Amino acid sequence: MTATAIDSGLFRRVLRRHAAAVVVVTAPGSPPTGFTATSFTSVSLDPPLVSFCVAKAASAWPIVRGAGLVGVHVLTAGQEPVARTFAARGADRYATYAAAGGTWTSGPDGVPLLDGVLAVLICEVVNHVEAGDHVIVVASPVHAAHHADATATPLVYHDGSYLALDR
């Protein structure tokens, strides 16, 4: 028996009920790229693997596809403007980020590393898996760091809004 997929409207409404941490994925290039994602997840502890999804139609996809290393930045509760900047279409995201006071440095192989995030992983891309209109990027963390303030909380996306968690 072949099941019939639910319609995309219902699918979107159901997924809006799922809360997800907000990350910005960055990749080196000329110019570098970056985009906001809520699809980040751990995949395996042994070996350490993570994944995130990127739309095939996204402007970032060609650069991410060719990247050997990417940065995955878990945003803090106060970084909603950063999430909105890197989610914007058709904008120079790094110029907008810098104009708003955001700073970043160039990490290994030129991976842009955003300052002030809750946590960052520099990851080696190990696989691309096509999945509908997106690609699942599987990556192996090669460097990790986290915010010095243990009370800092993540930015969360739920039901179409950015939210902060209470401690």
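With the condition kept exactly as written, say whether any residue in the range 77-94 is at negative phi, in contact (Cβ under 8 Å) with a residue 12 or more places away in the chain, part of a strand (DSSP E or B) and surrounded by 14 or more Cβ atoms within 10 Å (Cβ to Cβ). The answer is no; no qualifying residue exists.
Taking the range 130-143 as the range and being small (Gly, Ala, Ser) and closer than 15 Å to Thr26 by Cβ as the test, only Ala139 passes.
Which one is least open to solvent (accessible area, probe 1.4 Å) among residues in the range 39-48 that are within 25 Å of Gly160 (Cα to Cα) and polar (S, T, N, Q)? Checked the range 39-48; the qualifying residue least open to solvent (accessible area, probe 1.4 Å) is Ser39.
Taken over the range 7-25, residues that are part of a loop (DSSP other than H, G, I, E, B) and surrounded by 10 or more Cβ atoms within 10 Å (Cβ to Cβ) amount to 4.
Return the pair list, or none, for Cβ contacts closer than 6 Å from residues in the range 34-46 that are touching a residue at least 12 places away in the same chain (Cβ under 8 Å) to residues that are among the polar types (S, T, N, Q), at least 6 apart or on different chains. That search, which allows pairs on different chains as well, returns Gly34/Thr26; Val43/Ser51. Residues in the range 14-49 that are farther than 25 Å from Pro81 by Cβ and either of a type in the set (A, V, I, L, M, F, W, C) or modelled with pLDDT of 90 or more (or both): Val14, Ser42, Val43, Ser44, Leu45, Asp46, Pro47, Pro48, Leu49.
Any chance the range 98-111 includes a residue that's free of Cβ contacts under 8 Å to residues at least 40 places away in the same chain, acidic (Asp, Glu) and out of contact with any Cys (no Cβ under 6 Å at 6 or more places or on another chain)? No, the range 98-111 contains no residue that is free of Cβ contacts under 8 Å to residues at least 40 places away in the same chain, acidic (Asp, Glu) and out of contact with any Cys (no Cβ under 6 Å at 6 or more places or on another chain).
For the range 11-24, the candidate set comprises residues that are touching a residue at least 60 places away in the same chain (Cβ under 8 Å) and closer than 24 Å to Thr103 by Cβ; within that set, the residue that is nearest to the chain's Cα centre (by Cα) is Val24. Scanning the range 26-38 for residues that are of a type in the set (S, T, N, Q), open to solvent by less than 40 Å² (accessible area, probe 1.4 Å) and closer than 17 Å to Pro154 by Cα returns a single hit, Thr36. Here the strands (runs of 3 or more DSSP E) wholly within the range 112-164 that include at least 2 residues being surrounded by fewer than 15 Cβ atoms within 10 Å (Cβ to Cβ) are 119-131, 134-146, 161-164. Ser59 falls short on exactly one of the conditions (1) among the polar types (S, T, N, Q); (2) closer than 17 Å to Val125 by Cβ; (3) free of Cβ contacts under 8 Å to residues at least 40 places away in the same chain, and that condition is (2). Summed over the range 60-76, the residues that are touching a Ser or Thr at 6+ places or on another chain (Cβ under 8 Å) and either polar (S, T, N, Q) or open to solvent by 10 Å² or more (accessible area, probe 1.4 Å) (or both) give a count of 2.
The values are calculated or read from the model by the stated rules, or taken from the named source; none is laboratory data. Predicted, not measured: the structure shown is a model, and the values here were computed from it. Positions of Cβ are backbone-derived with ideal geometry, glycine not excepted, and every protein chain shown enters the neighbour counts. Side chains included, ligands, DNA and RNA excluded: accessible areas come from the protein's heavy atoms. Shrake-Rupley method; radii C 1.70, N 1.55, O 1.52, S 1.80 Å.
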